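The values are calculated or read from the model by the stated rules, or taken from the named source; none is laboratory data. Everything quoted here is computed from the prediction, not taken from an experiment. A quick note on method: Cβ atoms are made from the backbone with ideal geometry, for glycine too, and the neighbour counts reach across all protein chains shown.
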Amino acid sequence: MRVVYNFSVLGTHHFRLTGGEPLLRKNIVELVRDMKAMEQVKDLSMTTNATLLADKAEALFEAGLDRLNISLDTLNSKQMEEITGSNCLDNILAGLSAAKKAGFERVRINMVVMPDRNFDEVEEMLRFCIQQQYILCLIEVMPMGESGRSTASVYLQETVQKLEKKFNLHPTSKKIGNGPARYWETENGFVNLGLITPLSQHFCETCNRVRLTVDGTLLMCLGQDSSFQLKPLLRNQCSDEELQNAIMQAVKLKPQAHDFLEKPKKINRIMSMTGG
């Protein structure tokens with residue numbers, strides 16, 4: 001909480017809780033409530049696999065959580081089990097339903113597109129999201145860790161062009177949250193499609209994000225090793241001024257761009273250890 005507070009004092013107003021899986025944290029609702037109680041925290045979102053969301057959606061909404069991003073790569077239960085190792089599709093769909101009932105609007109579905117897994121399901125997923133009024137965000141696979149490097153990646157520009165024609169979508173300048181995704185909307189003005197392309201059309205020049213891991217490490221970039229350890233300062237009960245100075249020093253380490261294309265084997269850190 002001290003790190004969040006001091007980031008907010010320095011001008012950061014958008015925060016996202018990720019993981020791993022944030023809903024495994026026992027006091028996640030209290031954490032959301034405490035963060036939203038900070039005057040400078042204007043937007044708080046969460047990325048979750050939604051397997052535990054059905055029982056927590058209402059409490060999270062009442063605690064002040066602004067937005068939900070749901071990781072969902074397939075609507076096929078067999079494919080889901082092959083991708084995740086768990087037959088959890090029904091739990092995820094129940095979580096989505098509970099989120100809508102609780103009052104969450106513009107829920108975003110994050111679909112990592114894999115040519116050998118779910119590439120042929122993109123149209124079905126978009127159709128589902130349009131019907132349910134969710135936002136589908138297609139994401140290119142990033143070569144992080146052995147699992148990321150062993151998964152083939154597909155560039156999504158051509159895929160989006162086909163979706164534009166089939167679903168009559170138009171690019172829009174509307175933004176959902178404060179992330180790097182580009183968006184498309186239907187004729188009725190509802191944003192239904194987003195695109196994150198770290199490989200085929202990277203957004204490094206506009207990236208303003210850092211990630212805080214559970215062990216107190218600040219990560220400056222998904223595709224670089226730049227990091228800064230805050231835990232020693234916190235354990236030594238540093239002052240807020242000292243913590244803010246450390247944060248400003250850390251942010252200066254943020255690189256100009258990732259190395260995913262030039263050095264795809266560089267990052268051994270997996271996404272679940274980094275935070276999406």
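Out of all the residues in segment 105-112, is one or more without any contact (Cβ under 8 Å) to a residue 24 or more places away in the chain, crowded, with 18+ Cβ neighbours inside 10 Å and outside any loop (DSSP other than H, G, I, E, B)? So far as segment 105-112 goes, no, none of its residues is without any contact (Cβ under 8 Å) to a residue 24 or more places away in the chain, crowded, with 18+ Cβ neighbours inside 10 Å and outside any loop (DSSP other than H, G, I, E, B). Looking across segment 90-99, just one residue is surrounded by fewer than 19 Cβ atoms within 10 Å (Cβ to Cβ) and within 19 Å of the chain's Cα centre (by Cα), and that is LEU93.
Test THR186 against the criterion of being modelled with pLDDT under 85 and touching a helix residue (DSSP H, G or I) at 6+ places or on another chain (Cβ under 8 Å), and give yes or no.
On the way: modelled with pLDDT under 85: no; touching a helix residue (DSSP H, G or I) at 6+ places or on another chain (Cβ under 8 Å): yes.
So THR186 fails the test.
Considering each of LEU193, LEU233, LEU218 in turn, give the residue that is surrounded by 15 or more Cβ atoms within 10 Å (Cβ to Cβ), in a helix (DSSP H, G or I) and at pLDDT 90 or above. Outline the logic, then answer.
On the way: LEU193 fails: in a helix (DSSP H, G or I); LEU218 fails: in a helix (DSSP H, G or I).
After applying the criteria, what remains is LEU233.
If I go through segment 238-253 residue by residue, how many of them are part of a loop (DSSP other than H, G, I, E, B), modelled with pLDDT of 95 or more and surrounded by fewer than 14 Cβ atoms within 10 Å (Cβ to Cβ)? Quick ask: steps written out before the conclusion?
Of segment 238-253, the ones part of a loop (DSSP other than H, G, I, E, B) are 238-239, 252-253.
Checking which are modelled with pLDDT of 95 or more leaves us with 238-239.
Checking which are surrounded by fewer than 14 Cβ atoms within 10 Å (Cβ to Cβ) leaves us with 239.
Of the residues in that region, 1 qualify.
Criterion applied to LEU23, LEU44 was being of a type in the set (A, V, I, L, M) and either assigned to a helix (DSSP H, G or I) or surrounded by fewer than 17 Cβ atoms within 10 Å (Cβ to Cβ) (or both), and the one residue passing it is LEU23. Tell me whether segment 114-122 contains one or more residues that are under 25 Å from GLY189 (Cα atoms) and more than 18 Å from the chain's Cα centre (by Cα). Yes; the residues of segment 114-122 include at least one that is under 25 Å from GLY189 (Cα atoms) and more than 18 Å from the chain's Cα centre (by Cα).
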